[in-house]
Amino acid sequence: MKKLALIVAILCGAILIFATSEFPEWGDPKAPANLHVSPHYIKYSVKETGVPNIVTSVLADYRGFDTMFETTVIFCAGLSCFLLLRIFNEQTEEQGVYYRHMPTGIVIHFKRDDVDIRDKDFELIDSKLVPYDLIIKTVGRVMIPFIQIFGLYVIAHGDFSPGGGFQGGVILAASIILLAITFNLKTAISKINEKTLGVLSALGVFIYAGIGCLCLLLKGHFLDYGKLAKILPVGPIKARALGMLGVEIGVGIAVMAVMIIIYINIASEGKHHEGL
Amino acid sequence: MWILDLIILALIIVCAVGAITIKDLLGTAILLGAYSFMMCVLWAIMGAVDVAFTEASVGAGVSTVFFVAAIFRTTRRTRD
Amino acid sequence: MEALLKEIVGKYNYWLYIVLMMIGLYAMIAKNNLIKKLVGMNIFQTAIILFYISIGYKKGGTLPIIIMPHHHHEIPPEAIDVSKYINPLPHVLMLTAIVVSVATFGVALAIALKIYKEYNTLEEDEIRMRIRER
């Protein structure tokens, strides 16, 4: 099997290398890939949409359909992860809960699952006997708000600097995953519970398609942001920039919710009781 | 600066070959994270800053965490 | 001989990208462990993205963000020199490809978890044996 795979890979590689003899020189400004559509985008991006970052303006305005279906693909991935792994009522064995008494360091194991004595002195830990890490908890507690502010900054400044909806959404999700790793999974779930995550992931796609339908109601084409100038007090060029901002916010919300859903379901095998 | 490009490409190929040869799945996860990060640096050199930003946050961040979480729930050893 | 040398110097980077793609393809076909196959798929996808990004590069070009002079909100389209900015179209297509690749990776890891829970192994030939014995 391995020899057959090696022969197939070498044959495929040889065919592709033979095909590169037709390529233009690397970095040539007159190559055919650079001549047909992209000069229009480079020249007219600021004049027609008012946004200097050409990648964001092409992604959210000129080719907005593709981005809408990509958001739908992310939503479907989150949904299928939830449907594959989630187990709701498993009562095969009673594992019990572990609590650590902070001043002395003693770990207490209760055999029942529904004991809750969390307060200043008792702390819930996962059942794999996690050691007590003051440094990790304190550093995590300091860094998480700054990571969230940075994520919001990246979403909002997608028009003028590298960034946009996807990157900001992933950074926001990374802050909640950091919370779940430094503390435990139940703390993270108590901050954002499962129902909120489901609603948020659908809300992101809904915002995107909703802005498109709003343009349809204002007698334009689908996702034609210029017609939003009828209800917003700005000119048609600025309305396109504002439509792009709204769409990026929708994408960011959807990506954040789906990344958190996938992490929680993989790290706890669907039972939502303990994590990494 | 074609020397820089060549060095980073050589590192990428070494990381890729190492990631599929190691018998320990945790080493594979770390090497995959290093491979993603080297790709991000190469794209930033070529001027694709948006793509490099996305790959740094998604490939070297969240994807490595998913991989380690999946290994935690299954086994860590592999036979080949 | 000189034409061959000129060809090598002009196109060696494309050949290195094709070597990377073939490493990923070999890992997907030949490895026995399910997670190694997933790693091969990830390597293949990022190698293809690298190939596309290298097509849009222009020598002497800068980032695809228009440099606006201070306190101006408008630039006439004639003042922008197209050959000074690199081509932004492959970047846009590859942004979608990266995000789809991470979504596929997440779902594939979920399926691998379910397979492990059912058959208690992740090697492909052992799984086939256990299916036949059922």
*If only one of A:V170, A:V154, A:V205 is free of Cβ contacts under 8 Å to residues at least 60 places away in the same chain and either hydrophobic (A, V, I, L, M, F, W, C) or surrounded by fewer than 23 Cβ atoms within 10 Å (Cβ to Cβ) (or both), which one is it?*
A:V154
*asked:* Given the condition within 19 Å of C:V100 (Cα to Cα), at pLDDT 90 or above and of a type in the set (V, I, T), answer yes or no: does some residue in segment A:192-208 qualify?
replied: yes
*Could you check C:Y52 against (1) free of Cβ contacts under 8 Å to residues at least 40 places away in the same chain; (2) surrounded by fewer than 20 Cβ atoms within 10 Å (Cβ to Cβ); (3) assigned to a helix (DSSP H, G or I) and say which number it fails?*
(1)
_Unique residue being aliphatic (A, V, I, L, M), part of a helix (DSSP H, G or I) and within 30 Å of A:S80 (Cβ to Cβ) when the list is A:I155, A:I136, A:I149_ = A:I155
*Where residues in segment A:58-86 are within 20 Å of the chain's Cα centre (by Cα) and of a type in the set (S, T, Y), which of them is nearest to the other protein chains (Cβ to nearest Cβ)?*
A:S80
*Among the residues of segment A:37-57, which ones are outside any helix (DSSP H, G or I) and surrounded by 15 or more Cβ atoms within 10 Å (Cβ to Cβ)?*
A:G50, A:V51, A:P52, A:N53
*Is there a residue being exposed (fewer than 12 other Cβ atoms within 10 Å of the Cβ), at pLDDT below 75, hydrophobic (A, V, I, L, M, F, W, C) and farther than 26 Å from A:V205 by Cβ anywhere in segment A:94-111?*
no
*Residue in segment B:40-80 that is surrounded by the fewest Cβ atoms within 10 Å (Cβ to Cβ), counting only those that are closer than 18 Å to C:T104 by Cβ and among the hydroxyl-bearing types (S, T, Y)*: B:T64
*Residues satisfying the stated conditions in segment C:102-112, i.e. in contact with a helix residue (DSSP H, G or I) (Cβ under 6 Å, 6 or more places away or on another chain) and either at the interface with chain A (Cβ under 8 Å from one of its Cβ atoms) or surrounded by fewer than 22 Cβ atoms within 10 Å (Cβ to Cβ) (or both)*: C:A103, C:G106, C:V107, C:A108, C:L109, C:A110, C:A112
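State whether one or more residues within segment A:186-201 are within 12 Å of chain B (Cβ to nearest Cβ) and either surrounded by fewer than 23 Cβ atoms within 10 Å (Cβ to Cβ) or assigned to a loop (DSSP other than H, G, I, E, B) (or both). Working first, answer last.
To start, the set of residues in segment A:186-201 that are within 12 Å of chain B (Cβ to nearest Cβ) comprises none.
The answer is no, given that none of the residues of segment A:186-201 is within 12 Å of chain B (Cβ to nearest Cβ) and either surrounded by fewer than 23 Cβ atoms within 10 Å (Cβ to Cβ) or assigned to a loop (DSSP other than H, G, I, E, B) (or both).
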*asked:* Please go through segment A:241-276 and give me each residue that is surrounded by fewer than 23 Cβ atoms within 10 Å (Cβ to Cβ), in a helix (DSSP H, G or I), touching a residue at least 40 places away in the same chain (Cβ under 8 Å) and not small (G, A, S), ordered by number.
replied: A:L245, A:I249
*A:S161 vs. criteria among the polar types (S, T, N, Q), in contact (Cβ under 8 Å) with a residue 40 or more places away in the chain and buried (at least 20 other Cβ atoms within 10 Å of the Cβ)*: no
*With respect to the numbered conditions (1) under 15 Å from the mean Cα position of the chain (by Cα); (2) within 14 Å of chain A (Cβ to nearest Cβ); (3) surrounded by fewer than 23 Cβ atoms within 10 Å (Cβ to Cβ), which one is the sole condition not fulfilled by B:F37?*
(2)
*Examine segment C:67-78 for a residue that is more than 7 Å from every other protein chain (Cβ to nearest Cβ) and assigned to a helix (DSSP H, G or I), and state whether such a residue exists.*
yes
_Single match in C:G10, C:G60 (criterion: surrounded by fewer than 22 Cβ atoms within 10 Å (Cβ to Cβ) and in a helix (DSSP H, G or I))_ = C:G10
_In segment A:9-36, the residues that are surrounded by 13 or more Cβ atoms within 10 Å (Cβ to Cβ) and closer than 19 Å to C:I53 by Cβ_ = A:L16, A:T20, A:F23, A:P24, A:W26, A:G27, A:D28, A:P29, A:A31, A:A33, A:N34
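Going through B:A56, B:A19 one at a time, which residue ends up being touching a Leu at 6+ places or on another chain (Cβ under 9 Å), assigned to a helix (DSSP H, G or I) and either at pLDDT below 95 or more than 11 Å from chain A (Cβ to nearest Cβ) (or both)?
Values: B:A56 fails: touching a Leu at 6+ places or on another chain (Cβ under 9 Å).
Result: B:A19 is the single residue among B:A56, B:A19 that is touching a Leu at 6+ places or on another chain (Cβ under 9 Å), assigned to a helix (DSSP H, G or I) and either at pLDDT below 95 or more than 11 Å from chain A (Cβ to nearest Cβ) (or both).
The values are calculated or read from the model by the stated rules, or taken from the named source; none is laboratory data. These numbers come from a predicted model, not from an experiment. Glycine also receives a Cβ, built like all others from the backbone with ideal geometry; neighbour counts cover every protein chain displayed.
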